[in-house]
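Novice: Handing you this structure, nothing more for now.
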Amino acid sequence: MFISEKLKNNDVTVSFEIFPPKKEISMDSVFGITKELTQLKPEFISVTYGAGGGTSKNTVKIASHIQNELNTTALAHLTCVSSTEKEIDDIITQLKENKIENVLALRGDIPKDSDFPRDNHFNYAYQLINKLKACGDFCIGAACYPEGHIECQNKEIDIKFLKQKVDCGVDFLTTQMFFDNNVLYSFLYRALANGIDVPVVAGIMPVTNAKQIARSCQLSGTTLPPKFKTIVGKFGNNPEAMKQAGIAYAIDQIVDLIANGVKGIHIYTMNRPEIAREIMRNISDLI
Ligand code: FAD
């Protein structure tokens, strides 16, 4: 089923993100993770493409397992900036063969190696969206950045490019992680003011590792609000306490989002079903 159809109704939807394992040998463990996650009855599970240290070649395989073996809607991420058109064509063929109809179309991060850029590559996500539109009947999601994308000079320009991307045929957007809900509310207002009216799913990162989050916030330009910094300062050196505080912070964010009318919640599970389970246990009567 198209994710856009699920997002159209008035219910709150909760979905999860996982990443492929680094090595082929741990595929079994990721299948175990997907099984545990589907037991929590998410609306869909997304599988990243190369992000989070995993390998991109397993994305379709895992998404297919979720879709076809576990009967849960899968969203396959696909990045384009490091790929040739032929490589993208091959993935699109695999998606069709595996009956995966939901794709999160991304540019990906620009590789640092010296022989980049190379010929025949895509520069922006909107070009991949045009390609997907031309190749089949996909429900297409794309990324958005409540604080603006790190490479963009300012939020006004960023949102104009987002509008251009959406106009190419995006059915829904998923946000980058954010830790201050007011940042999201202000983004939603600006998006609407710029004519972006597709559903926006809020990406929530339960922070359980202080060092890891400092690094990813630095790379993505995500701000850590003072309240969150205080928590990390107090519990960052105690893994169990940090995990509990990180989950509580994520639950607090989700409760506030739902109370303020946000309907799509996407949890970055970091392949840890116990975190997703704990969050679901705490919001079960809200959804
Ligand atoms: P784009 O929408 O192409 O934007 C990239 C930059 O270019 C922005 O600064 C934008 O303002 C600018 N821009 C856009 N269009 C134009 C234009 N026409 N002219 C000039 N500038 C333009 N990465 C992975 O590798 N694998 C994943 O699975 C993955 N999943 C993600 C999931 C989510 C929900 C999010 C938010 C990010 C994810 N990423 C993933 C990270 C993403 O690939 C990076 O953030 C990347 O740098 C930008 O990708 P994009 O699709 O947003 O790019």
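Read-outs: derived from the displayed coordinates by stated rules, not from any lab. Given the structure is predicted, the values throughout are model-derived calculations rather than measurements. Cβ atoms come from the backbone with ideal geometry, glycine included; neighbour counts cover every protein chain shown.
Novice: Please identify, among 238, 58, 181, the residue showing maximal mean-square fluctuation in a Gaussian network model of the chain using a 10 angstrom Cα cutoff.
Specialist: 238
Novice: When the Kirkwood hydrodynamic radius is evaluated over all pairs of different C-alpha atoms of the chain, what value in angstrom, to one decimal, is obtained? Let's see the in-between values first.
Specialist: Numbers: mean 1/r = 0.0517 Å⁻¹.
The answer is 19.3 Å.
Novice: Between segment 171-240 and segment 44-94, what's the alpha-carbon centroid distance in Å?
Specialist: 24
Novice: Separate question: If the only charges are +1 at each Lys and Arg Cβ and -1 at each Asp and Glu Cβ, what is the size of the charge dipole of the chain around the Cα centre, to the nearest 20 debye?
Specialist: The dipole magnitude comes to about 480 debye.
Novice: List the aspartates and glutamates whose Cα lies under 19 Å from the Cα of residue 112, skipping any in the same chain that are fewer than 8 positions away.
Specialist: Result set, ordered by chain and number: 151.
Novice: Using 19 Å as the Cα-Cα cut-off, could you pick out the over-long pairs in 243/263; 96/133; 35/61; 86/131; 8/263?
Specialist: Checking Cα-Cα distances, 243/263 exceed 19 Å.
Novice: By the gyration tensor of its Cα atoms, with a ≥ b ≥ c the square roots of the eigenvalues, what is the shape of segment 114-220: rounded for a/c under 1.5, prolate for a/b over b/c, or oblate? Write down the numbers at each step before the final one.
Specialist: Details: a/c = 1.71, a/b = 1.22, b/c = 1.40.
Because a/c hits 1.5 or more and a/b fails to exceed b/c, segment 114-220 counts as oblate.
Novice: Next question, about the same structure. With the contact rule set at Cα under 8 Å and sequence spacing of 6 or more, what percent relative contact order holds for segment 3-286?
Specialist: Taking the mean separation of contacting Cα pairs over the length of segment 3-286, I get 19 percent.
Novice: Mean Kyte-Doolittle of at least 0.5 plus a Cα span of 24 Å or more along the axis: flag which DSSP H helices in the chain meet both, please. It would help to have the intermediate numbers written out before the result.
Specialist: On the way: long enough: 239-259 (30 Å, 0.58).
Length and hydropathy pass: 239-259.
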